[in-house]
Ligand code: ADP
Ligand code: MG
């Protein structure tokens, strides 16, 4: 469910990640970072994951890569259930899934030259010698649009954009099929952002990669993604084709997010209520529909019953009253 029509490469079923935390004096609570997410990402596509900060996007991405152990739920990569793999099998399979983080300066080791950074996975997992890795490093540098001489530089000698290209080259070193891109351009200047985004697009086309692209930037995701999921407090509120969600998304939260992007469209301002208030604490998410405390259409049932994702028109929407709301905003 919630997939397009292609072959799914990554499948997530009822995924939950709670972080136990201490509160106050000897108190315990759980952060509901991801709370029952179903998702299918197809071979070769870019799945965009959007939502405000704190909605659980990074946690979901990290769980898929098994950088975090899910609290419950299952994850498949092709035919293999990642959540059932252990030891060597898990280690091997996991190499086909990689991640690129937001801040390249922070994710690169400041004491390692760029070439060493890219060669490291080759040396550890493919047992290549420094000599053997050298040619492959030069090739990877060229792939990400850098001169092979960059191999000798330290991160502080490189620009933010160059550092992010190095992080991408390192992620590509073991020929992954799937890459989680967690806000990969949000620490970069706007002009550099476009170059990195175009590089990612080109790499996807040339290497047949599948992406999970995490961002809070709707313009960016509309440029890159084939399908989009809108996340709010650990849950998916709407899933569908990128254009259907980003231009005609139906869920009140999707409409509010879209409305937060300043575009000169008075018509839209009339029909869509802006997002009010702050995102509630993930320690105690609202009962029923999590968005209800900020939703202009919320009523009693929304507090009592959690709305499941269901197919409504062109997208999947988690809202009890979506038909009514849509009738109201489009007339
Ligand atoms: P996003 O990437 O959408 O901004 P995150 O996945 O980073 O959201 O965070 C989701 C929620 O989980 C937030 O409330 C965040 O504070 C919390 N969280 C993330 N990592 C941890 C952790 N290691 N321990 C406790 N809470 C965490
Ligand atoms: Mg994040």
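The values are calculated or read from the model by the stated rules, or taken from the named source; none is laboratory data. Keep in mind the model is a prediction, meaning the values are calculated, not measured. Quick reminder, even Gly has a Cβ in these numbers, built from the backbone with ideal geometry, and neighbours come from all protein chains shown.
On the given criteria, is residue 36 more than 16 Å from ligand 2 (Cβ to nearest atom) and either under 23 Å from residue 218 (Cβ atoms) or modelled with pLDDT of 95 or more (or both)? Yes: the conditions hold for residue 36.
On the stretch given as the range 84-102, residues that are within 19 Å of the chain's Cα centre (by Cα) and either assigned to a helix (DSSP H, G or I) or within 16 Å of ligand 1 (Cβ to nearest atom) (or both) total 5.
When residues of the range 290-331 are filtered for being part of a loop (DSSP other than H, G, I, E, B) and either in contact with a strand residue (DSSP E or B) (Cβ under 9 Å, 6 or more places away or on another chain) or touching a residue at least 60 places away in the same chain (Cβ under 8 Å) (or both), how many remain?
9
It is to be established whether one or more residues within the range 12-31 are part of a loop (DSSP other than H, G, I, E, B) and in contact (Cβ under 8 Å) with a residue 40 or more places away in the chain.
no
Residue by residue through the range 126-144, note down the ones that are out of contact with any helix residue (DSSP H, G or I) (no Cβ under 6 Å at 6 or more places or on another chain) and either part of a loop (DSSP other than H, G, I, E, B) or crowded, with 18+ Cβ neighbours inside 10 Å (or both). If the condition is that a residue be out of contact with any helix residue (DSSP H, G or I) (no Cβ under 6 Å at 6 or more places or on another chain) and either part of a loop (DSSP other than H, G, I, E, B) or crowded, with 18+ Cβ neighbours inside 10 Å (or both), then 126, 127, 129 are the ones that fit. Condition first: away from ligand 2 (no atom under 16 Å from the Cβ), on the phi < 0 side of the Ramachandran plot, modelled with pLDDT of 95 or more and in contact with a helix residue (DSSP H, G or I) (Cβ under 9 Å, 6 or more places away or on another chain). Can you find one or more residues in the range 53-66 that meet it? The answer is no, given that none of the residues of the range 53-66 is away from ligand 2 (no atom under 16 Å from the Cβ), on the phi < 0 side of the Ramachandran plot, modelled with pLDDT of 95 or more and in contact with a helix residue (DSSP H, G or I) (Cβ under 9 Å, 6 or more places away or on another chain).
Taking the criterion of being modelled with pLDDT of 95 or more, in contact with a helix residue (DSSP H, G or I) (Cβ under 7 Å, 6 or more places away or on another chain) and away from ligand 2 (no atom under 16 Å from the Cβ), the residues of the range 170-194 that qualify are 170, 172, 173, 174.
For the range 1-32, give me the residue count where each residue is crowded, with 19+ Cβ neighbours inside 10 Å, closer than 28 Å to residue 79 by Cβ and within 16 Å of ligand 1 (Cβ to nearest atom). Total meeting the criteria: 3. The selection criterion, being surrounded by fewer than 17 Cβ atoms within 10 Å (Cβ to Cβ) and assigned to a helix (DSSP H, G or I), does not hold for residue 161. With respect to being outside any loop (DSSP other than H, G, I, E, B) and surrounded by 17 or more Cβ atoms within 10 Å (Cβ to Cβ), residue 62 fits the description.
Report yes if some residue within the range 34-45 is more than 17 Å from the chain's Cα centre (by Cα), in a strand (DSSP E or B), under 30 Å from residue 289 (Cα atoms) and in contact (Cβ under 8 Å) with a residue 40 or more places away in the chain; otherwise report no. No, every residue in the range 34-45 fails to be more than 17 Å from the chain's Cα centre (by Cα), in a strand (DSSP E or B), under 30 Å from residue 289 (Cα atoms) and in contact (Cβ under 8 Å) with a residue 40 or more places away in the chain.
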